[in-house]
1. Would you work out if the stretch 184-373 is rounded, prolate or oblate? Take a ≥ b ≥ c from the square roots of the eigenvalues of the alpha-carbon gyration tensor; rounded if a/c is under 1.5, else prolate when a/b is larger than b/c, oblate otherwise.
2. Could you name the aspartates and glutamates whose alpha carbon sits less than 12 Å from that of LYS650, not counting residues in the same chain fewer than 8 places away?
3. Please report the net charge: other residues with Cβ closer than 12 Å to the Cβ of ASP470, K and R +1, D and E -1.
4. What label, among (1) 27.0; (2) 28.1; (3) 31.3, belongs to Kirkwood radius over Cα pairs in Å computed from the structure on display?
5. Loop only by DSSP, 15 or fewer other Cβ within 10 Å of the Cβ. Give me the trypsin sites (Lys or Arg not before Pro) in the stretch 592-628 that pass, ordered by residue number.
6. Count charges around GLU347 for me, please; just the other residues with Cβ under 15 Å from its Cβ, Lys/Arg as +1, Asp/Glu as -1.
7. At a Cα cut-off below 26 Å, give the lysines reachable from LYS532, other chains included and same-chain residues fewer than 8 away excluded.
8. How high is the relative contact order of the chain? Use alpha-carbon pairs under 8 Å, at least six apart in sequence, and give a whole percent.
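Every read-out reported here was derived from the displayed coordinates using simple, explicitly stated rules and does not represent laboratory data. Predicted model only: the values in this text are computed from it and were never measured. Note that we place each Cβ from the backbone using ideal geometry, even for glycine, and neighbour counts take in every protein chain shown.
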Amino acid sequence: MRKNGISRRRFMKDGFSLMSGTSLSLRALSRPDQDKKKIGVSVSRTSLKSLTAIPTTCQQCSAGCGVIAYLNGDRLVQILGNPEHPINKGGICAKGVAGINLVNDPERLLYPVKRLGQRGENRWSRITWDEAYHTLSTRVSRLIDEEQTERFIVDLGYPDFILEEFILALGQATVIHRPYLKNVNRSSAFAYLTGHSSFIPDVTRSRTILNFGANPFANHDYFVGIARRLALARIEKGAKLITFDVRMSETAAKSDEWYPVKPGTDGSIALAMANVIVNKGLVDKPFLENRADMSYEVLQEHLSRYTPEWTQRESGVAAKDIERMAIQFASQKPSVAILGGGAYDHENGYQTTRCISLLNWLVGNVGKEGGIFFSGLPLSQLSYTTKTRTISRLKNNNTSIDTYFCYLSNPAYEDPECDKSAVLLKDEKTTRFLVVMDTHMTETAMLADLVLPAATYLESWGVEPGPPLDGISMLNLRQPAVSLLSPAEALRSPSFDVGKLTDPTFQPLGEAKEVGNVFLKLAKDLDGNVVKTLPYKDTQDYASQMVSLATQSKGAFQDLKQKGFWTNPKSNAIIEESLAIERQLRLPDYMPVNYQEKTKPNQFILTTFKTNLGTKGMENSKWAREIFHENRLWLNKQKAAQLGIQNGDKVRVSSSVGSVILHVLTTNRIHPESVALAEGLGHTAFGSMAQARKSKSKDRDTELIWWGKKGKGVNPFSIIADRVDPMGRGLASKDTVVHIEKLGE
């Protein structure tokens with residue numbers, strides 16, 4: 001076998017480079033008198049009950065917020081923010097609070113099963129984990145012997161470092177890495193500019209913030225952390241927030257100014273602002289000449305065609321406003337330009353990212369307080385070149401699929417043209433064997449040959465760098481708050497109190513397992529080079545080794561368990577890392593998106609958005625679904641009137657790949673050429689809450705679903721075309737043209 005990538009030790013050394021030079025013991029940095037309060041008997045801040053408190057890290061999104069799980073006996077009863085955690089400082093979003101629904105859901109998967117009959121018949125037979133391990137090891141072992149490990153497809157919905165080390169050991173496995181792929185247009189542009197795939201906006205210290213298509217007040221990679229800092233900057237520093245977005249998002253609604261832009265034109269606005277900054281002599285010339293090797297004369301010539309008047313015709317933003325905002329951005333510093341999927345989820349997303357980044361470069365707000373830093377945080381130890389995008393593209397590339405392994409990923413629901421992905425997964429000629437490891441019976445799991453119950457993040461071990469939003473490097477620990485022991489395993493455990501079996505709060509959670517432990521067992525079964533690269537007893541041993549390696553302290557792991565995180569306030573490595581900017585960069589150009597299908601008055605450009613309740617792990621959450629269970633189509637009021645459509649009317653929305661039927665929300669808070677649809681609804685699996693239907697279970701709330709008549713919403717991905725940015729190679733999910741047809745009652 002050929003091994004790609006880098007060694008575990010090299011990866012961890014590079015991944016935690018922000019902590020380099022730090023040999024301080026974690027124990028020396030922590031406060032023992034407060035540590036004692038973190039584990040053991042504690043008092044809930046809201047219920048005032050005496051409960052067991054365990055600090056851990058939320059995994060409902062990628063923000064890395066610290067939380068405290070409260071247990072009454074062995075049952076999880078409450079989740080609150082960790083007030084000492086440097087990212088969220090006690091704040092917690094609705095998704096984090098609802099993590100309790102994920103653990104206690106009576107409809108979650110608890111035992112491994114294999115299919116009976118044809119794929120998709122929903123007929124299953126419960127099996128043992130030994131049978132599941134034997135099936136997996138037999139298939140992977142055969143691929144190793146035949147030197148065809150590229151036919152082992154791993155579809156990662158959430159990164160897991162042990163699983164990724166296993167993939168590296170195989171050498172040729174094919175990976176669909178969802179967390180990376182969602183931002184690939186942005187990441188590839190930043191990698192070209194700086195050598196780093198991500199950046200940290202220091203909004204806390206900014207005075208002027210230009211926001212292109214991001215929505216940090218509802219959904220963001222650093223959600224609660226950056227939203228909190230953005231709010232403080234505006235309240236305490238008087239920072240001005242200006243948002244460009246096709247719709248009035250939660251962030252746009254709280255901005256000083258909002259401009260509803262034509263979809264895909266954000267890059268034109270940024271270049272017009274750059275034109276003004278250059279012509280007004282507001283450029284930071286020393287920075288450009290010494291750090292980015294950009295000539296003022298070349299800049300002026302390149303930007304001369306991108307005038308405010310030109311971009312007014314292109315984007316709809318008035319020329320006078322562009323000039324005013326450009327002058328403010330360059331003169332009221334520190335300032336920063338940030339961007340989100342609304343700007344880069346287009347066919348021109350790569351170039352748009354570079355256009356917006358140019359604003360930060362022109363005024364020298366790179367590697368400075370109030371500007372942007374390059375975090376160097378590792379999202380994955382896998383080479384990005386090994387990642388593909390969808391099963392449809394695997395088929396287009398003539399990739400032969402022997403075994404397709406999905407971990408917390410649901411391509412039959414979340415791929416563009418998801419119905420097409422479902423057909424390919426169901427076809428045994430295309431996908432010979434499908435394995436799904438998840439917390440629930442997803443749309444993809446319904447098509448699987450083997451379904452494995454996955455532990456939730458509140459039942460798992462993990463360690464990763466947290467986003468250094470304040471310029472301080474840190475580690476986040478994820479540790480189990482809830483036991484995964486089955487009754488039989490509990491009785492065999494030497495630490496288990498048999499008396500707990502009579503305690504009504506003791507409810508073992510079946511046989512769900514951590515994916516890391518599954519692949520450690522699989523590695524031992526395979527033996528050879530695979531097991532040599534995974535020298536861990538279990539996931540806890542892995543977390544312990546990684547903490548010791550990162551902190552250079554053997555006792556750090558025990559201290560980290562007491563606080564849930566580790567920080568090195570003396571580290572200033574982020575600023576040092578930010579100095580590594582590439583020279584001789586090609587200047588960006590604006591590349592308009594070609595919406596040639598849009599030729600009729602009832603055709604619009606579809607944009608999608610995530611609400612603060614739309615994320616993995618929330619699909620069957622009773623608290624989330626009671627609040628958010630219908631996604632109406634946002635339609636501009638003037639356009640609606642022209643089409644004879646009123647608020648609440650039922651319409652059919654059709655694209656080149658499918659159609660959905662839903663109700664309309666007429667509003668002035670969207671660009672006239674766009675329509676918008678929230679993601680996260682329209683499930684045909686997961687459970688009763690996700691499907692808005694009553695059912696009987698040990699949780700009586702499943703019989704109290706009152707929104708059944710409104711339905712379960714629709715899935716936008718069923719009508720989104722599978723388009724790609726040719727330069728960034730990421731998905732262009734916000735470029736689908738749809739046709740709207742009013743229906744009768």
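1. Because its axes are fairly even, with a/c under 1.5, the stretch 184-373 counts as rounded.
2. Cα-Cα hits under 12 Å: GLU741, GLU745.
3. +2
4. (1)
5. Those that pass, being in a loop and sparsely packed, are LYS598.
6. Charge balance near GLU347 sits at +1.
7. LYS3, LYS13, LYS387, LYS513, LYS521, LYS524, LYS554
8. 20
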